[in-house]
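Just so you know, all these numbers are worked out from the coordinates, no wet-lab data involved. All values reported here derive from a predicted model rather than from experimental measurement. Cβ placement follows ideal geometry from the backbone for every residue including glycine, while neighbour counts extend to all protein chains displayed.
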Amino acid sequence: MAIPDILSGLRLPVIAAPLFIISNPKLVVAQCAAGVVGSFPALNARPASQLDEWLHEITGELAAHDRDNPDRPAAPFAVNQIVHRSNDRFEADMAVCEKWKVPIVITSLGAREELNQAVHGWGGITLHDIIDDRFARKAVAKGADGLIAVAAGAGGHAGHWSPFALVQEIRSWFDGPLILSGSIATGSAILAAEAMGADLAYVGSPFIATPEARCSDEYRQAIVDSGAADIVNSALFTGIAGNYLRSSIERSGLDPNALDKLESLPTEFGSDGSTKSKAWRDIWGSGQGIGAIRKVQPAGDYIAQLEREYTEARSRLCSNPGR
């Protein structure tokens, strides 16, 4: 199966992952303008009416970019939909996506055949994120165009398996678009993902260390200051195993080394509007690849850095064909 045209003309084979809370129109536009697919979770737009405003802003900004840069048109953007039945905004958000003919819809936490059909109906494609081969097969059976293989080391709700194991299992039966997620933060890692059998790389946590990201300066700096050893995996905060920055757990008064001893979050963590600590706000997600992030810089500059590193990595390999 050939890669869809919408993914074949990118300046770099990268999809910027939708980051909970952090991704916003400013970041998405910067990513797309720099030549990679930008994305955001629909649920980041709050209240729900803001989703229409965000899509209006993104489509308008990208159209203006294309008018001003006919030789370097923007990459397409994607919206991440949580399709689990607990998402009471799903139907309304899908209607807004249809209104704006969102080119790429990334689906998470379940696969729905009717969603894939709807997106195909307006000319878009769907990519479903999975953590193992079993879920991959289910997603394709329900009509997903492509798969995002979330391997160990990814930020947020990470997978469990090595990227080698995950990609080779899926590639044994699936020849469609395959995107690899998990600790990809350099141009060399993007090339490695392709060599492994993926078509594109999924890059998330490094974009937290950009001025366009919707987060605190402390969070940005923590990404710069941390490495793989500073990532803690725990299911305590959401009920699903995820990767988080050790420093944010410590700042919230918890012992990162004793999380597995807790059956639930302490009472000082709240989900209401009080001044209590909130896991979704105060516990910072991150993947293991952030040791490669050395500074806070604009998203466009970081993507340009990735492109240089990617080109250099290809040159190194091509100059040693006998290896």
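Backbone amide hydrogens, once placed in the peptide plane, bring His128 within less than 5 Å of Thr107, Gly146, Leu147, Ile148, excluding anything fewer than 5 places away on its chain.
Just want the answer: with Cβ charges of +1 for Lys and Arg and -1 for Asp and Glu, which residue in Ala292, Phe90, Ala258 is farthest toward the dipole's positive end in the chain? So the residue furthest toward the plus end is Ala292. Run a plain Debye calculation on the chain (Cα atoms as equal point scatterers, no solvent) and give log10 I(q)/I(0) at q = 0.10, 0.12 Å⁻¹, rounded to two decimals, same order as the q list. For the requested q values the scattering log ratios are -0.55, -0.81. Cut-off 10 angstrom, C-alpha nodes, Gaussian network model of the chain. Which of Asp133, Asp225, Asp88 fluctuates the most? Looking only at Asp133, Asp225, Asp88, the largest GNM fluctuation is found for Asp88.
Counting only Cα atoms, the size of the range 70-161 along its three principal axes is 40, 36, 23 Å, in decreasing order. Taking amide H as placed 1.01 Å from N in the peptide plane, the amide H of Ser286 sits under 5 Å from that of Gly156, Asn243, Tyr244, Leu245, each at least 5 places away or on another chain. The loop-placed chymotrypsin sites (Phe, Trp or Tyr not before Pro) in the range 115-198, going by DSSP, that have at most 16 neighbouring Cβ atoms within 10 Å of their Cβ come out as Trp122, Trp173. The share of C-alpha pairs in the range 15-113 whose separation exceeds 19 Å stands at 37 percent. Partner lysines whose Cα lies under 25 Å from the Cα of Lys101, excluding those fewer than 8 positions away in the same chain, are identified as Lys26, Lys142. For the chain, the share of DSSP beta bridges that are antiparallel, to the nearest 5, is 15%.
Arrange the following residues from fewest to most other Cβ atoms within 10 Å of their Cβ: Ser205, Ser39, Ser188. Numbers along the way, then the final one.
Details: Ser205 29, Ser39 26, Ser188 18.
Lowest to highest Cβ neighbour count: Ser188, Ser39, Ser205.
Connecting C-alpha atoms closer than 10 Å in a GNM of the chain, tell me which of Val203, Val296, Val150 has the biggest fluctuation. Highest fluctuation of the listed residues: Val296.
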